[in-house]
Each structure stands twice: as C-alpha cells, then as structure tokens.
Amino acid sequence: MNRRVVSFHYTLRDPQGRVLDSSAGNPPISYLEGAGQIIDGLDQRLRAAVTGAKTRVQVPPAEAYGERDPAQIQRVKRTLLPVEGELQIGEQFQTGPDRQAPVVTVVGVEGDEVLLDGNHPLAGVELTFDVEIVDAREATAEELSHGHAHGGGGGGCGEGCGCH
Ligand code: ZN
C-alpha cells in the first residue's frame, strides 16, 4: 500500500483521564506514515483510518515514550546545571541549547546536589488519543523523498523543515 499523509486533530489523555495535550485551537497535525513524525504506536494504529473518522486509540508505553528506567535518575552537582535561581521539584529543563536536547525533571535537591530524572515525562504512561482524521491522502513524491509531510495541499516544505 502507498504511504499516506494524514492530518488529524487529537486530544491526549493519561490513564486518569487528565488532558495532557490537544490540537484544539491549532491547525491539525500532519505526518507522513512510517516517517517517525508521530509516535510509532499511534502511526501504526491509524493506518486504516479514513478522512472523517473519529476514533479512540490506546498506545502502551513501549510504543509511545518507553518504559520508565530507574537508571535514568542521576545525581549531579548543582553548579553544573545551566539553570539560574532556585530549583523546584518537578521543574523540567533541556540539557542543552538544541531544540532536540533531552528534557530532564528535577526529582530531588540535596545540598549542593540535584537528582535529575532523564526519563521522558510520559515514559511508562499509557496514552489515550481521541483522534479525528481531517484528511488522508497519498503522499507526493517530494514528501516521500524528504521523509515528511508538507503543507495541506502538498505545497512544499514548511518553516523549520530543515531538508533544504
Ligand atoms: Zn520537505
């Protein structure tokens, strides 16, 4: 089967029903199937979804952000952290200037040392997506060669595409 570009709206909830994220009020998310643009477990489960479909998709941690790994909690010297001011438990920051840099969560402050959890904030969490498919069409040759979805009508790369 040909790979498609799918545009959808979603509301993401955790197992307690709390809304973690939603595309409401924003343009729909577009992705190229199998390109890693959205989490794999959601990509796989939307393969049969057609334009206009509304569906609830549950994705186990292993196919979303992975299981929690206790070895990812590290003790570091406070002075080594690129963050000013007082650190709060639960505070999150990126470990580098790169937009893709891993996010860590402060899970403890002990004297001049800080305990940082390098697990993704959604590691170990089963995700429930309520999805509405806005559009599903065949990918263009250009999209296939770039490995990602382009704007609504297949009209070229968006800002920050990074493929040129
Ligand atoms: Zn592109």
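The values are calculated or read from the model by the stated rules, or taken from the named source; none is laboratory data. In this text the structure is predicted, and so the values were computed from the model without any measurement. A quick note on method: Cβ atoms are made from the backbone with ideal geometry, for glycine too, and the neighbour counts reach across all protein chains shown. Ligands, DNA and RNA are stripped out before the accessible areas are found, and what is left, the full protein with its side chains, is counted by its heavy atoms. Shrake-Rupley method; radii C 1.70, N 1.55, O 1.52, S 1.80 Å.
Model label points for Asp69 and Ala123, set 7 angstrom from Cα along the Cα-to-Cβ axis, are 0.6 nm apart. The length gained on full extension between Glu86 and Val107, counted as 0.36 nm times the residue separation minus their Cα-Cα distance, comes to 6.2 nm. Note on the chain: along the principal axes its Cα atoms extend 56, 39, 29 Å, ordered by decreasing extent.
If Lys and Arg each add +1 and Asp and Glu each add -1, what is the summed charge of the other residues whose beta carbon sits under 15 Å from the beta carbon of Leu80? Mind dumping the intermediate values first?
Details: positive: Arg75, Lys77, Arg78; negative: Glu84, Glu110, Asp112, Glu113.
After counting each charged neighbour, the total is -1.
The stretch 125-147 and the stretch 1-52 have Cα centres lying 6 Å from one another. By accessible area, using a 1.4 Å probe on protein heavy atoms only, the stretch 70-117 has 52% of its surface on carbon and sulfur. Other residues with beta-carbon under 14 Å from the beta-carbon of Phe93 carry, at +1 per Lys or Arg and -1 per Asp or Glu, a net charge of -3. Please give me, ordered by residue number, the GluC sites (Glu not before Pro) of the stretch 94-144 that lie in loop per DSSP and have at most 16 other Cβ atoms within 10 Å. Taking the stretch 94-144 and a limit of 16 other Cβ atoms within 10 Å, the loop GluC sites (Glu not before Pro) found are Glu126.
Looking at the stretch 54-100, the trypsin sites (Lys or Arg not before Pro) that sit in a DSSP loop and have at most 16 other Cβ atoms within 10 Å of their own Cβ are Arg68, Arg99. Ordering 58-64, 82-88 by mean Cβ neighbour count within 10 Å, with the highest value first, yields 58-64, 82-88.
The heavy atoms of Val134 present about 70 square angstrom of accessible area, all protein chains included, probe 1.4 Å. Placing +1 on each Lys and Arg Cβ and -1 on each Asp and Glu Cβ, with no other charges, gives the stretch 1-53 a dipole about its Cα centre of roughly 140 debye.
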